[in-house]
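K.L.:
Structure provided below as structure tokens; questions to follow.
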Amino acid sequence: MKFIFRIFLFLLLLSVTDFTLGRLFHKFYLSSQYGIFARQIYCLNDSREDIIVLGASRAAHHYVPSILSDSLGMSCYNAGSDGMCIYYHYGILSSYMKERKPKIVLYDVSELDLLPSRTATFTLEAALDRLAPHYGEYAEIDSLYALAGWQEKLKMFSRMYRYNSKLVQLIKCHFIPSWEDAGYEALYGNLPENIKLSFTNTPDNRFEYNKKQYLNKLVKLTQAEGIKLIFIYSPQYSNDRLAAIDEIKKIAQNNHILFLDFSHTPELMSPSFFKDKRHLNDTGARKFSALLANTLLNESLSANL
């Protein structure tokens, strides 16, 4: 009996400690001032913009909201997030519908929105880890955990588990200011002037089933809510043409969604506009945002809203 009592007491103390520390971490998280956590909290709790930009790092670094807002006469927020794929973007947008909705969603598409990832990023696990502080707050986010199996849902009973490996990032989000333009993060520097366009023939015809399902769910969600969804393939300094992008384009065509391909726009095919082969620098992002705004105006999208 003493042994059983000690086990019970240990579990009780463990639970109380976990709950208490978890609550403290949650308050610390919610008071984030900068970086990825501040942007995530803003998107889920406060954003009321007309235009929302979704996508991974190319979204975060390619779309300048102030330029889009000035040109289109509509408020804009860049909710792009490095290393995140369709699971995260669906979780953010579907939770966004709880109290308000944007008029336009600009989705910067990536081949990794369909392909299995070979790294720790662009995965379901990465999305669940980023969204963990909001488990239990949004049914749409909670539903993503069902994809990972019952073990992951069981782990979420631990308040501390939700902040596993987040301490360093939490400190950065509180004490290291970062310049942003409504979520946009500028990159500086450029490729060498003599660098040539590269081409990589990557076999990529095996898509991740759940990723494709969630991309289609995003399409259905926006259509059901009367939101104008636009797929955009933003500039890159390479000649790659991957089958995954063609598959996303097919999804767009089947659902009457505008697909804008800026991947090899001549005006931007200069090393001076790129931080690296996949990302525009600040100069390139501003030029691209202006070209995009002009294209949207020519498509008469803003006039229809």
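The values are calculated or read from the model by the stated rules, or taken from the named source; none is laboratory data. Nothing here was measured: the structure is a model prediction, and the numbers come from that model. Backbone-built Cβ (ideal geometry, glycine too); neighbour counts: all protein chains shown. Surface areas here come from the heavy atoms of the whole protein model, side chains and all, with no ligands, DNA or RNA. Shrake-Rupley method; radii C 1.70, N 1.55, O 1.52, S 1.80 Å.
K.L.:
Could you point to the label whose value was computed as Rg and Dmax of the Cα atoms in Å for the structure here, given (1) 20.9, 78; (2) 22.7, 71; (3) 20.1, 63?
P.N.:
(1)
K.L.:
Further, regarding this structure: Per residue, how much accessible area does the chain have with a 1.4 Å probe, in Å²?
P.N.:
Numbers: 15010 Å² over 305 residues.
Accessible area per residue, the chain: 49 Å².
K.L.:
Additional query: In segment 263-291, which residues have a backbone nitrogen under 14 Å from the label point lying 7 Å from Thr119's Cα in the Cα-to-Cβ direction?
P.N.:
Only 276-279 pass the distance filter.
K.L.:
Picking from Asn190, Asn164, Tyr135, whose Cα lies most toward the positive end of the charge dipole for segment 100-258 (charges on Cβ: Lys, Arg +1; Asp, Glu -1)?
P.N.:
Checking the options against the dipole of segment 100-258, the answer is Tyr135.
K.L.:
Dipole magnitude of segment 63-161 about its Cα centre, charges +1 at Lys/Arg Cβ and -1 at Asp/Glu Cβ only, in debye to the nearest 20?
P.N.:
Values: 9 positive and 12 negative charges, 53 e Å.
Approximately 260 debye in magnitude.
K.L.:
Another question about this same structure. What is the helix-to-structure angle for 209-224, meaning the angle in degrees between its Cα long axis and the longest Cα principal axis of the chain, kept from 0 to 90 and rounded to the nearest 10?
P.N.:
Once rounded, the angle reads 70 degrees.
K.L.:
While we're here: Which residue, chosen from Ser75, Ile257, Ala56, occupies the Cα position most advanced towards the positive end of the dipole of the chain, where the dipole is computed from +1 (Lys, Arg) and -1 (Asp, Glu) charges on Cβ about the Cα centre?
P.N.:
Ranked along the dipole, the leading option is Ala56.
K.L.:
Please give the contour-minus-distance gain from Val16 to Leu154: 0.36 nm per residue of separation, less the Cα-Cα distance, rounded to one decimal in nm.
P.N.:
48.0 nm
K.L.:
Determine the dipole magnitude for the chain: charges of +1 sit on the beta-carbon of Lys and Arg, -1 on that of Asp and Glu, nothing else is charged, the reference point is the Cα centre, and the result goes in debye to the nearest 20. Walk me through the numbers on the way to the answer.
P.N.:
Values: 34 positive and 31 negative charges, 207 e Å.
Here the size comes out at about 1000 debye.
K.L.:
Here is a further query. Give the lysines whose C-alpha is closer than 21 Å to that of Lys27, dropping any in the same chain fewer than 8 places away, or say none.
P.N.:
Those lysines meeting the cut-off are Lys155, Lys166, Lys172.
K.L.:
Where both residues lie in the chain, what percent of DSSP beta bridges are antiparallel, nearest 5? Mind showing how you got there, number by number?
P.N.:
Details: 3 of 21 bridges.
Roughly 15 percent of the DSSP beta bridges within the chain come out antiparallel.
K.L.:
By its C-alpha gyration tensor, with a ≥ b ≥ c as the square roots of the eigenvalues, how is segment 38-93 shaped: rounded for a/c under 1.5, else prolate for a/b larger than b/c, else oblate? Please report the intermediate quantities before stating the final value.
P.N.:
Working: a/c = 2.20, a/b = 1.39, b/c = 1.57.
In terms of gyration-tensor shape, oblate.
K.L.:
Where the centroid of each part is defined by its Cα atoms, how far is segment 96-142 from segment 215-261 in Å?
P.N.:
Their Cα centres are 16 Å away from one another.
K.L.:
May I ask you to give the percent of accessible area on the chain that is carbon plus sulfur, with a probe radius of 1.4 Å?
P.N.:
Numbers: 8450 of 15010 Å².
For the chain, the apolar C and S fraction of the accessible surface comes to 56 percent.
K.L.:
Give the shape of segment 209-305 as rounded, prolate or oblate, defined through the alpha-carbon gyration tensor: a ≥ b ≥ c are the square roots of its eigenvalues, a/c under 1.5 means rounded, and otherwise the shape is prolate if a/b is larger than b/c and oblate if not.
P.N.:
Note, shape of segment 209-305 comes out oblate.
K.L.:
In what sequence, largest accessible area first, do Thr222, Thr283 appear using a 1.4 Å probe?
P.N.:
Thr283, Thr222
K.L.:
Let me ask something additional. Can you pull the one-decimal nm distance between simple spin-label points at Glu225 and Ala146, each 7 Å off the Cα toward Cβ?
P.N.:
Once both label points are built, they end up 1.9 nm from each other.
K.L.:
If you don't mind, another one. With r defined as the distance between the Cβ atoms of Tyr34 and Arg206 and R0 fixed at 30 Å, what FRET efficiency is calculated, to the nearest 0.05?
P.N.:
Using R0 = 30 Å, I get an efficiency of 0.20.
K.L.:
Please report the relative contact order for the chain, taking Cα pairs under 8 Å with a sequence separation of at least 6, and give it as a percent rounded to a whole number.
P.N.:
25 percent
K.L.:
Might you report the magnitude of the Cβ-based charge dipole of segment 146-284 about its Cα centre, with Lys and Arg at +1 and Asp and Glu at -1, to the nearest 20 debye?
P.N.:
Values: 19 positive and 15 negative charges, 166 e Å.
Dipole size: approximately 800 debye.
K.L.:
Then there's this: Measuring from the lowest to the highest alpha carbon on each principal axis, how far does segment 59-196 reach, largest first, in angstroms?
P.N.:
50, 39, 36
K.L.:
Please state the relative contact order of segment 84-198 as a whole percent: Cα pairs under 8 Å, 6+ residues apart? Write down the numbers at each step before the final one.
P.N.:
Details: 57 pairs, mean separation 27.9, N = 115.
For segment 84-198, the relative contact order is 24 percent.
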